[in-house]
Amino acid sequence: MNNRQKETRRLTALPLYLKELSTLVGRIVHESELSPFTQMEIVREKLRSVSKGSCRSVTLPFEARTGVEFAQIIDQLRRLNSSSIYLWPSRANECGLLEVADLNQIKFSFPFDLNPDGILVVATSDGNDSMLLEWSDDERGVRMLEVEFRGPNWSKPQIEIEPRPKQ
């Protein structure tokens with residue numbers, strides 16, 4: 001893909017992407033806040049170097065992301081790695097990453113239709129830890145959220161997660 005095609009894709013994706021990011025952080029996000037692509041590549045390389053063995057995942061009802069237990073998990077993650085955070089939804093690949101001070105700035109109460117892929121990666125700026133959130137309807141039509149914790153800090157077993165399937 002040539003530079004003109006890349007720029008066309010970026011300009012096409014940008015309005016929806018800024019709206020998505022604004023929903024995730026609870027304030028208006030401007031294009032000037034997005035990282036340059038070189039920074040995204042640096043973070044991508046750091047994340048690739050994280051051991052595949054340092055991983056934990058859990059599947060929860062989608063609604064659990066707004067509950068007290070999930071908030072406690074986020075607080076534990078923040079204490080385990082206090083680096084700033086990059087938000088990496090799918091459109092970031094065309095538009096750039098958004099960096100926020102910490103996990104507490106992310107509004108996990110986002111709607112189910114936040115993005116068409118149902119995927120959000122949250123990565124620490126030091127590249128040591130990441131969290132993949134993937135949401136979809138299960139075979140029964142129940143909205144579920146799979147969360148994968150990667151990295152030497154965020155995959156630690158002290159993070160207690162109690163999945164409670166919807167009945």
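Quick one, which of [x] 77, 22, 20; [y] 49, 34, 29; [z] 73, 37, 19 is the actual Cα extents along the principal axes in Å calculated for this model? The listed entry that was calculated here is [y]. Quick one: among Gly151, Gly67, Gly141, which has the greatest mean-square fluctuation in a GNM of the chain with alpha-carbon springs under 10 angstrom? Result for the chain, Cα springs under 10 Å: Gly141 fluctuates most. Starting from the stretch 41-70, pick out the trypsin sites (Lys or Arg not before Pro) whose DSSP state is loop and whose Cβ has at most 14 other Cβ atoms within 10 Å. For trypsin sites (Lys or Arg not before Pro) across the stretch 41-70 that sit outside H, G, I, E and B with at most 14 neighbouring Cβ atoms in 10 Å, the list reads Lys52. Legend: helices of the chain (whole DSSP H runs) are marked when their alpha-carbon atoms reach 15 angstrom or more along the helix axis and their mean Kyte-Doolittle hydropathy is at least 0.0; marked are 68-80. Phi angles of the stretch 131-146 translate, via the Karplus equation with coefficients 6.51, -1.76, 1.60 and θ = phi - 60°, into HN-Hα couplings of 9, 9, 10, 9, 10, 6, 8, 7, 5, 9, x, 8, 6, 10, 10, 9 Hz per residue; Gly and Pro are given as x. Each stretch of four or more DSSP H residues adds -39500 (n - 2.57); spread over every residue of the chain, this sum gives -10000 deg cm²/dmol at 222 nm.
Residues whose amide H lies under 5 Å from that of Leu60, counting only those 5 or more places away or on a different chain, are Leu145, Glu146, Val147; hydrogens are built 1.01 Å from N in the peptide plane. Taking amide hydrogens as placed 1.01 Å from N in the peptide plane, the amide H of Ile106 sits under 5 Å from that of no residue at least 5 positions away in sequence or on another chain. At the listed q of 0.11 Å⁻¹, the Debye profile of the stretch 26-102, built from one uniform point per Cα, gives log10 I(q)/I(0) equal to -0.39. Distance from the C-alpha centroid of the stretch 77-155 to that of the stretch 11-57: 9 Å, rounded to the whole angstrom. The magnitude of the dipole of the stretch 26-167, with charges of +1 and -1 set on the Cβ of Lys/Arg and Asp/Glu and taken from the Cα centre, is near 320 debye.
Taking the protein heavy atoms of the chain in the context of the full set of protein chains, the accessible area attributed to carbon and sulfur is 49 percent at 1.4 Å. Using the Karplus relation 6.51 cos²θ - 1.76 cosθ + 1.60 with θ = phi - 60°, the per-residue 3J(HN,Hα) values for the stretch 112-127 come to 4, 8, 3, 9, x, 7, x, 9, 9, 10, 10, 10, 6, 5, 7, x Hz, with x marking Gly and Pro.
The values are calculated or read from the model by the stated rules, or taken from the named source; none is laboratory data. Everything numeric in this text was worked out from a predicted model, so none of it was measured. Because the Cβ atoms are built from the backbone with ideal geometry, glycine has one as well, and the counts that use them run over all protein chains shown. These area figures cover heavy atoms from the full protein model, side chains too; ligands, DNA and RNA do not enter into them. Shrake-Rupley method; radii C 1.70, N 1.55, O 1.52, S 1.80 Å.
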